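Accompanying notes for the structure given below.
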Amino acid sequence: QVRLVESGGGLVQAGDSLRLSCAASGRTFSSYAVGWSRRAPGKEREFVAAINWNGSSTKYADSVKGRFTISRDNARNTVYLQMNSLNAEDTAVYYCAVGSFMTHSLRGYDDWGQGTQVTVSS
């Protein structure tokens, strides 16, 4: 089992940037894909971004493509989500999880972390 801890959330203004971190401990983190999802108030959890085991391939939701960048540092057992040009629609709790392969489907991931709150004021 992998234990994941998200951090880096906060309150920012529209147009600002944030970098979220997903730190892992437990089984071999570098062997797995990692996905980020988010849940906005009153909405279902949705896929945000994913990265494969070595960082050579990434996927993004259309709503964040061009603004968010996912990356990983396997030496540090950490995956990052750089979020630029934030807007009010990005307000949500952001979660990370590991999966056997990179996919848009949230069912492909498990061991979700506790999440980190991102609030964007307009």
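Here are some notes:
- Coordinate range of the alpha-carbon atoms in the chain per principal axis, descending: 40, 27, 23 Å.
- Relative contact order computed over the chain (Cα-Cα under 8 Å; 6+ residues apart), in percent: 36
- Build a GNM of the chain with springs between Cα atoms under 10 Å apart, and of ALA92, ALA23, ALA61 the one that fluctuates most is ALA61.
- The calculated FRET efficiency for the pair SER17 and THR103, based on their C-beta separation and a Förster distance of 25 Å, comes to about 0.40.
- Normalised contact order of segment 1-73, rounded percent, pairs of Cα under 8 Å and 6 or more residues apart: 21
- Element breakdown for segment 56-122 at a 1.4 angstrom probe: carbon and sulfur atoms account for 45% of the accessible area.
The values are calculated or read from the model by the stated rules, or taken from the named source; none is laboratory data. Not measured: the values here are computed from a predicted model. Virtual Cβ from ideal backbone geometry, glycine too; neighbours counted across all protein chains shown. These area figures cover heavy atoms from the full protein model, side chains too; ligands, DNA and RNA do not enter into them. Shrake-Rupley method; radii C 1.70, N 1.55, O 1.52, S 1.80 Å.
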